[in-house]
Amino acid sequence: MTDHHVIFMPSGKRGRFETGTPVLTAARQLGVDLESVCGGRGICSKCQVQPGHGDFPKLGVTVRDDALSAFNAVEQRYDDKRGLKPGRRLGCQATVQGDVVIDVPAESQLHKQVVRKAASGVPITMDPATRLHFVTVEEPDMDAPSGDLERLKHALSAQWDLTGLDMALPLLRDLQPTLRKGKWEVTVAVNHDENRITALYPGLREAPLLGLAIDLGSTTIAAHLCDLSTGAVRASGGVMNPQIRFGEDLMSRVSYAMMNPGGDLEMTRAVRDALETLAVDLAADAGIVANDIVEVVIVCNPVMHHILLGVDPVELGQSPFALATSDALRIAASEIGLTSLSAGARVYILPCIAGHVGADAAAVALAEAPDQADALTLIVDVGTNAEIILGNRDRLLACSSPTGPAFEGAQISAGQRAAPGAIERVEIDAATKEPRFRVIGCELWSDHPDFAAATRATGITGICGSGIIEAVAEMRMAGIVDAKGLIGSPAQVGTSRCELVGRTHSYLLWEDGNRRIHVTQGDIRAIQLAKSALYAGARLLMDEAGVDTLDKVTLAGAFGAHISPKHAMVLGMIPDAALISVTSAGNAAGHGARMALCNRAARAHIETLVRRIEKVETAIAPRFQEHFVAANAIPHATAPFPHLMS
Ligand code: FES
């Protein structure tokens, strides 16, 4: 029999195949990334390809118009029903008849790359743990009795070469009605990370599967609902962590668990309810039901990790800060109260690095990949508990630092979450001491004549984390605040905006009638404490690494993308570095969670990488306290900031 050159693009993979070989078969033999859900039955359309025609001198082939078999009845039926784009063929139906160059379009590739909108971070290549497999199951036979599950497994083995699959009891309850409803044809969602059946659908399931990537922070919970076939984010949202009512920071929540019998379980219930509600709400936003969600990835700090799992966090409140487990976890969603999701939905929780350095820091390392760079990079994930990573491909160090919730707008007199109406950018004229600002949801500055009209809908509701950072830094640059963080009197500063409120001065940022937003002395103190903790953690890692300079600084976190590097450095939040080398990465932990959701290899990578990351414990390091005290000044009591001067 004659054989022909078959070349797949864009991979460039090529081989010789006999006349009559289906394109899908050729692709599989060459390891070409061509999707299939129906296993070549001509009903899922996932295997679409586009053959080329004419001369391809660089590839050394000429493709005749009849290089593939003629459109067959199966393709015609599909085209009539759903429509195929011009020139497209179903790879499972078209067979090789001559030398051919075949383009695999992005939507037919399983491992397609998802474009990342944020400024930095590793792009996501799709390789989801969960994939769909359509099978035809033998009907029961009294003469050869066997269970429906056994015949389903036999079909998966015979038709997809999948063996040793597990299936949980809640899904077993759905099996018989699903098989009968589908007339013995069923689409099976298999989680290949766990070799487990996680969902069953009667007949061919054409709708994509959904997964949820959750960044469970101490103050806020952020989640992305993702299409597991394209990686597209179908809905995003966030809520305040309801555990705040038990304590604003991690240690106060550990104390709550210690002091109140059953307090840990109270917090467990609160956070699980919040996650369940968030999942249902995001599903509704995306126009689906939560039951379509088959996978969840969660990143969080160790205290959140333990409370979510229902493990008493008491050991994390005392040296040696032992974790119940630091390994990655693969558990049923129902075990942590996510009961609205698919009956077999699974949860993957990234590994923790150590006692106070959690799965969120691991997710940041995954997203920013400092282990794959030569540049010595400091990554600061700003949150209630800052995760800090320093290093490059040679060595990686990590710590966490208790910054408290001030950077997220809490503990600030007019503080609020980053939401429409919140002041997010501030400038203060050094000569007149007059401020101008911008609020979220409005492009105009407050001194623009149309500002009042433009903000009528949202109003001016408070000041968010990035707003307070800029406000304090601008007050320092304008001489309203001194290096110790004291707000001067009107006479000292030369503006009546400095008002005596109680026994200290406050700076009036905005007023409208009797509504006023001040930056108070208490606000400055809260920011000083937070920024000192951040700086001290970063500096401690630099001490451990034996370095005094940095090649690159990355600001991450829910509001990392909004922090101005200049203002962060004026405050002394981060060690001195060239401003040009300081960039914002947005929510790196959330991006890491998405990577682990969409790419199975990312899970294996981070599970290996965390073993290489050296953990530095800030709570017991005497140098941390020294750095903390010195960093209380703005920008710092002793450390020079030469790049601020340049
Ligand atoms: Fe399903 Fe070709 S593999 S239509």
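Observations, loosely collected:
- Pairs with Cβ under 6 Å, 6+ apart, first in the stretch 155-177 and of a type in the set (S, T, N, Q), second assigned to a helix (DSSP H, G or I) and buried (at least 18 other Cβ atoms within 10 Å of the Cβ): Q176/D148
- Hits in the stretch 106-118 (condition: closer than 12 Å to D33 by Cβ and at pLDDT below 75): K112, Q113
So that you can scan it fast, the table gives a plain yes or no per residue for (1) hydrophobic (A, V, I, L, M, F, W, C); (2) surrounded by fewer than 19 Cβ atoms within 10 Å (Cβ to Cβ):
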site	(1), (2)
P405	no, no
E408	no, no
I412	yes, no
R417	no, no
G421	no, yes
V426	yes, no
T432	no, yes
V439	yes, no
C442	yes, no
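- Checking each residue of the stretch 191-205 against the condition of being in a helix (DSSP H, G or I) and farther than 15 Å from V37 by Cβ gives no match.
- Qualifying positions in the stretch 2-25 - within 13 Å of the ligand (Cβ to nearest atom) and either surrounded by 19 or more Cβ atoms within 10 Å (Cβ to Cβ) or over 22 Å from D66 (Cβ atoms) (or both): P22, V23, L24
- The condition of being among the charged types (D, E, K, R), surrounded by fewer than 18 Cβ atoms within 10 Å (Cβ to Cβ) and outside the structural domain of G592 (by TED's automatic domain parsing) holds for only one of R253, R245, that being R245.
- Residue in the stretch 93-105 that is under 28 Å from the mean Cα position of the chain (by Cα) and at pLDDT below 95 present: yes
- Within the stretch 209-311, helices (runs of 4 or more DSSP H) holding 2 or more residues that are without any contact (Cβ under 8 Å) to a residue 24 or more places away in the chain: 250-259, 263-285
- Residue match in the stretch 586-603 (condition: under 16 Å from L555 (Cβ atoms) and in a strand (DSSP E or B)): yes
- Residue count for the stretch 79-92, restricted to those that are charged (D, E, K, R), under 37 Å from the mean Cα position of the chain (by Cα) and within 13 Å of the ligand (Cβ to nearest atom): 3.
- So V364, is it modelled with pLDDT under 90, of a type in the set (V, I, T) and within 17 Å of the chain's Cα centre (by Cα): no
- With respect to the stated conditions, A369 fails to be small (G, A, S) and at negative phi.
- Applying the condition of being more than 13 Å from the ligand (Cβ to nearest atom) and part of a loop (DSSP other than H, G, I, E, B) to the stretch 26-38 and asking which residue is modelled with the lowest pLDDT yields D33.
- The set of residues from the stretch 42-78 being within 12 Å of the ligand (Cβ to nearest atom) and on the phi < 0 side of the Ramachandran plot comprises I43, C44, K46, C47, Q48, V49, N72, V74, E75, R77, Y78.
- Criterion (surrounded by fewer than 23 Cβ atoms within 10 Å (Cβ to Cβ), aliphatic (A, V, I, L, M) and over 30 Å from D381 (Cα atoms)) met by exactly one of A235, A168, A189: A168
The values are calculated or read from the model by the stated rules, or taken from the named source; none is laboratory data. Please read these numbers as outputs of a predicted model, since none were measured by experiment. Neighbour counts are summed over all protein chains in view; Cβ atoms, including those assigned to glycine, are modelled from backbone coordinates with ideal geometry.
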